[in-house]
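Undergrad: One structure follows; several queries about it will come next.
The values are calculated or read from the model by the stated rules, or taken from the named source; none is laboratory data. Just so it is clear, the structure is predicted and the values come from calculations on it, not from any experiment. Note: ideal-geometry Cβ built from the backbone for every residue, glycine included; neighbour counts use all protein chains shown. The area values use the complete protein model at the heavy-atom level, side chains included, leaving out ligands, DNA and RNA. Shrake-Rupley method; radii C 1.70, N 1.55, O 1.52, S 1.80 Å.
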There are 2 protein chains.
Amino acid sequence: MELPVLIETLRDALEHDQTEQLIDKLEDVHPADYAAAISNFSSPDLWSLLTFLPTHTQAKIFGYLPPETQVQLAIRVSRRSLSPIIRQMSSDERADLFNRLTEEQKDALLPALAQAEREDLLLLSSYEEGTAGSIMTSDYAILHPELTVRNAIDVLRREAPDKETIYSAYVVDNDRKLIGVITLRELIIAPANARIHEVMNHDPIFAQTSMLQEEVAALISHYDLLALPIVNEEQQMVGIVTYDDAMDVVEEETTEDFHKAATVGKLETSVKHAGIGLLYRKRVLWLVILVFGNIFSGAGIAYFEETIASYLALLFFLPLLIASSGNAGAQSGTLMVRALATGDVNIRDWSYLLGREILVAGLLGLTMSAAVVGLGIWRGGMDIAVVVALTMMLVVVAGSLIGLSLPFLLSRFNLDPATASGPLITSIADVTGVVLYFSIATWYLGL
Amino acid sequence: MELPVLIETLRDALEHDQTEQLIDKLEDVHPADYAAAISNFSSPDLWSLLTFLPTHTQAKIFGYLPPETQVQLAIRVSRRSLSPIIRQMSSDERADLFNRLTEEQKDALLPALAQAEREDLLLLSSYEEGTAGSIMTSDYAILHPELTVRNAIDVLRREAPDKETIYSAYVVDNDRKLIGVITLRELIIAPANARIHEVMNHDPIFAQTSMLQEEVAALISHYDLLALPIVNEEQQMVGIVTYDDAMDVVEEETTEDFHKAATVGKLETSVKHAGIGLLYRKRVLWLVILVFGNIFSGAGIAYFEETIASYLALLFFLPLLIASSGNAGAQSGTLMVRALATGDVNIRDWSYLLGREILVAGLLGLTMSAAVVGLGIWRGGMDIAVVVALTMMLVVVAGSLIGLSLPFLLSRFNLDPATASGPLITSIADVTGVVLYFSIATWYLGL
């Protein structure tokens, strides 16, 4: 069913108080789509559209609702109505919701859970945001190394409904230390009487709870894993991160990198749902910082006021010279920021890339000089054309080298290379451009 | 084994001609890591380091090698040595390699394959690049609807070694039309004597071969799928795209968007391996286009030459005013480009977002005015301070609104919103800034 049709059907059912009769129609609707549909309704209606469904389905749908909606419901709905859903949610989604509640709401929620669930929730929500611990789930399947393959499959069959995945199972010793991993594919191919420790992979890829979530996602993508086991400092198995959570992390981190590249601070919510105050705060800081950076460009111009007064025609070329420098810098900077993020290049490649960039930027500078020399002759005569062409060559090379080097410099000092944003590079290129242009003009025109 | 250690071990083995003795040491090395290690060696050595392994392992490792290296090997190595590897490769990786060969190399390769493999290869490589068809694999598991669950598991067990995944199996009718999907998890929970059509999901999520690869990846991510079935125009099942391929697509598309945002054309290879000529060609086009865009800024300055000659102090503020406009525009533009790409906003949201942007940009403009008014008084006196503050307010708002609207405008005309790059927005904001600034100055200073 298409989303608009589904929403209409739901609205109809609400109006005629016939939500119960929806169940048959909804059989083939994916929980993600149902969540998208009901998030168009306000809280009381949304709640009615959720609660006539079986609890297990409610929990699945609840997990797909936008975080803000989850919190809103958690606040408005009585604890007794909500707790069956919370209990059925997967452990990582439950911990995410919990972390978004106020201390008071947390205290109200905890008594509704069983002891084991409560301890699990408190443990999961204790990991620092942005780490493997904060995104992992504790609903993973473990197997004993001495089990036979036949019995292991039985264990997985029984546990399937409660586990995030049964396609990877983790083998732990009596101390809960991770000693192996086996996939369901390997299990169903293996001889039924073999012992797990005979057929498992003894050298599983794993991560610590403190690993950054983007590194976790990179590991999962690099090794094409379905799930990555997470261990604590004692090498004990404490959770898994599944590929679908890794995909969400990649999307989130990419959005953050895009925003950073445009000097926008980290938004915890989508731009559509962000308030005006929040957007203002996330944008104002760098705008103001960069204004003061641009004062240097202004000072450069002021310093060369006499040159400019003598040759006002020079001003015509100022915008295109400093813009070209900034544009070339934004190009090489962005190429490096992205290549560093994907691991295509690393900090040791700097000198090799710099050498190559000199050639590329030189060719670009020559082309750009050729593109403006005619304009120079037309607007200002031969002398000005020479100054403009020479400046263009130099500012394109300078901008490119600054753009290329800044991300490496930031990495070198353990800062995020993504901070080497277009606007920052542009501002630095502007100053360089102003100073180079008028220095060359002053020298060449003999002022 | 860490990568540098592994490379050292391999170099050692090559020098002493003891590659055969590596097999034991390599048992726990992941094919992805082995591929990364051997891609540091030149072709003949690389080939020696590959060929002593079992063919099945060779094929896996080969698939992880960088595309350029695959092609190099395919060209240098004799057809007889290569064909066993090519046969064992997964069908999508084989088609990717095939598409990178010259016509001559293709013709040389085809006779090495069996009839069925050849037809499969020609079909897969015939789909347009960037579509579902071009990234799908034909190594998927199909089940007959009348099979019992027990027999279906047997089928999957037998086929496991040759299939990309057996965790999702696809149910097709006698006409090969897709009629259902069932996961291995559902299969092992289901009663052994039930028929597949009784327990399968009758409404599977699927895509056409012509769907764009980024949309395929978005579907997989949205529904947390392990694999998405792909059908042809007759609804017949022709392939699947797995989650790990979707993750690769997301990375590739994101890189393209980053590059586009900095006016760099699409690179088919990593920036580290790109040649100087290629980098030049991918960067020069927009640099030149934008130069001519910036001529308008120059013309704006030339038009107001008299105003400038009377108040040279105005020039001090020119860089920071036009830069602020461009920076604010880059911020709102990037927020929109990314939100459109992730589906957080769509084209219908424009007027709502524009209304809100006026408020956010107004606040930003006020702050920026306040930040420069003191500077204005100090450098140019009260009159100039008023002109600068007023201009700052207006250019920040104008830049923001242009930045926000441009991606929607491009979308509206079916162009990629990512083309609304920082440099493009900056150039438009520059012209606007120059004209606004000197118009206000001419008017307020009574020139």
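Undergrad: Would you please put B:262-269, B:325-332 in order of how densely packed they are, using the mean number of other Cβ atoms within 10 angstrom per residue and starting with the highest?
TA: Per-residue mean Cβ counts within 10 Å order the peptides as B:325-332, B:262-269.
Undergrad: Something else now. Just checking the output field for B:353-365: average partner chain Cβ neighbours within 10 Å of each residue's Cβ?
TA: That works out to 3 on average.
Undergrad: Still on this structure: Can you work out the Karplus-derived ³J(HN,Hα) for every residue in the stretch B:126-143? Use 6.51 cos²θ - 1.76 cosθ + 1.60 with θ = phi - 60°, whole Hz, and x for glycine or proline.
TA: 8, 6, 5, 4, x, 9, 3, x, 7, 10, 6, 10, 9, 8, 10, 9, 10, 10
Undergrad: Would you calculate, for chain B, the mean residue ellipticity at 222 nm contributed by helices, counting each DSSP H stretch of 4 or more residues as -39,500 (n - 2.57) and dividing by all residues, to the nearest 500?
TA: When only DSSP H runs of four or more count, the value is -21000 deg cm²/dmol.
Undergrad: Any lysines with Cα under 17 Å of the residue B:272 Cα? List them, leaving off those in the same chain fewer than 8 positions away.
TA: Candidates past the 8-residue exclusion: B:282.
Undergrad: OK, next. Which of the lysines could a cross-linker bridge to residue B:25, judged by Cα under 30 Å and excluding same-chain residues fewer than eight apart?
TA: Partners within reach: A:177, B:60, B:163.
Undergrad: Would you kindly work out, in nm and rounded to one decimal, the distances from the label point of residue A:108 to those of the same position in each other copy, ordered shortest first, with label points 7 Å along Cα-to-Cβ?
TA: 7.4
Undergrad: Determine the shape class of the stretch A:276-444: with a ≥ b ≥ c the square roots of the Cα gyration tensor eigenvalues, call it rounded for a/c under 1.5, and otherwise prolate if a/b is greater than b/c, oblate otherwise.
TA: oblate
Undergrad: Let me ask another. Once you place label points 7 Å from the Cα toward the Cβ at residue A:310 and residue A:8, how far apart are they in nm?
TA: Going from the residue A:310 label point to the residue A:8 one covers 7.6 nm.
Undergrad: Let me ask you something else. For the stretch B:222-301 and the stretch B:132-201, what is the separation of their Cα centres, given in Å?
TA: First find each Cα centre; the distance between them is then 35 Å.
Undergrad: Still on this structure, please answer the following. Over chain B, one equal point on each Cα, no solvent: what is log10 I(q)/I(0) by the Debye formula at q = 0.13 Å⁻¹?
TA: Each listed q maps to, in turn, -1.15.
Undergrad: Which whole number gives the average, over all residues in B:273-279, of C-beta atoms from other chains lying within 10 Å of the residue C-beta?
TA: 4
Undergrad: So, in Å, what gap is there between the alpha-carbon centers of the stretch A:324-368 and the stretch A:1-72?
TA: If you average the Cα positions of each part, the centres end up 50 Å apart.
Undergrad: Helix B:276-303 against the longest principal axis of chain B: what's the angle in degrees, Cα atoms only, rounded to the nearest 10?
TA: It is inclined by approximately 20 degrees.
Undergrad: Another question, then. Tell me the relative contact order for chain A as a rounded percent, counting alpha carbon contacts under 8 Å between residues six or more apart. Can you show the working numbers first?
TA: On the way: 600 pairs, mean separation 47.8, N = 447.
That works out to 11 percent.
Undergrad: Enter the accessible area of residue A:202 (Å², nearest 10), with the probe set to 1.4 Å and all protein chains included.
TA: Taking all protein chains as shown, residue A:202 has close to 110 Å².
Undergrad: Whole-Å semi-axes of the stretch B:189-271's equivalent ellipsoid, largest first, each the root of 5 times a Cα gyration tensor eigenvalue?
TA: They are 35, 14, 9 Å, listed largest first.
Undergrad: Same structure again: Just the ratio, please: alpha-carbon radius of gyration of the stretch B:3-126 over 2.2 N^0.38 Å, N its number of residues.
TA: Against the empirical 2.2 N^0.38 Å value, I get 1.07 for the stretch B:3-126.
Undergrad: Ignoring ligands and nucleic acids, what accessible area does residue B:286 show with a 1.4 Å probe (Å², nearest 10)?
TA: The accessible area of residue B:286 comes to roughly 70 Å².
Undergrad: Kirkwood hydrodynamic radius for the stretch A:361-417: how many Å is it when counted over pairs of different Cα atoms?
TA: Taking the inverse mean of 1/r over all distinct Cα pairs, the stretch A:361-417 comes out at 12.5 Å.
Undergrad: Put a point 7 Å out from Cα along the line to Cβ at residue B:292; what are the distances to that point in the other copies, in nm, shortest first?
TA: Result, one decimal in nm: 4.1.
Undergrad: In straight Cα distance, which aspartates and glutamates are under 17 Å from residue B:266, not counting same-chain residues fewer than 8 positions off?
TA: A:344, B:68, B:128, B:129, B:214, B:248, B:251, B:252, B:253, B:256, B:257, B:416
Undergrad: Mind checking the angle between helix B:350-412 and chain B's longest principal axis? C-alpha axes, 0 to 90 degrees, to the nearest 10.
TA: The helix B:350-412 is inclined about 40 degrees to chain B.
Undergrad: P(r) of the protein assembly as shown in 20 Å steps, Cα pairs, percent per bin?
TA: It works out to 13, 40, 33, 13, 1, in whole percents.
Undergrad: If you stretched the chain out fully between residue A:72 and residue A:119, how much longer would it get, using 0.36 nm times the residue separation minus the C-alpha to C-alpha distance?
TA: In short, 14.5 nm is gained.
Undergrad: Could you tally the net charge around residue A:190, taking each other residue with its Cβ under 11 Å from the Cβ of residue A:190, Lys/Arg +1 and Asp/Glu -1?
TA: Every neighbour counted, the sum reads +2.
Undergrad: Within the set of other residues whose C-beta is less than 13 Å from the C-beta of residue A:278, count the net charge using Lys and Arg as +1 and Asp and Glu as -1.
TA: On the way: positive: A:266, A:272, A:281, A:282, A:283, B:356; negative: A:68, A:268.
With Lys, Arg at +1 and Asp, Glu at -1, the net is +4.
Undergrad: I'd like the orientation of helix A:79-88 relative to chain A: the angle between its Cα long axis and the longest Cα principal axis, in ° from 0 to 90, rounded to 10.
TA: Once rounded, one gets 80 degrees.
Undergrad: Sticking with this structure for a sec: Along the axis that rotates chain A into chain B, which residue of chain A has the nearest beta-carbon, and what is the gap in whole Å?
TA: Minimum Cβ distance to the axis, with residue: A:422, 2.
Undergrad: Once the label point is set 7 Å along the Cα-to-beta-carbon vector, what list of distances in nm do you get between residue A:78 and its counterparts in the other copies?
TA: 8.3
Undergrad: Per residue of B:183-193, how many C-beta atoms from partner chains lie within 10 Å of its own C-beta, taken as a mean?
TA: 3
Undergrad: Same structure, new question: Can you list the HN-Hα couplings for the stretch A:68-77, worked out from phi with the Karplus curve (6.51, -1.76, 1.60; θ = phi - 60°), rounded to whole Hz and with x for Gly and Pro?
TA: 3J(HN,Hα) across the stretch A:68-77, in whole Hz: 4, 5, 4, 5, 3, 5, 4, 7, 7, 8.
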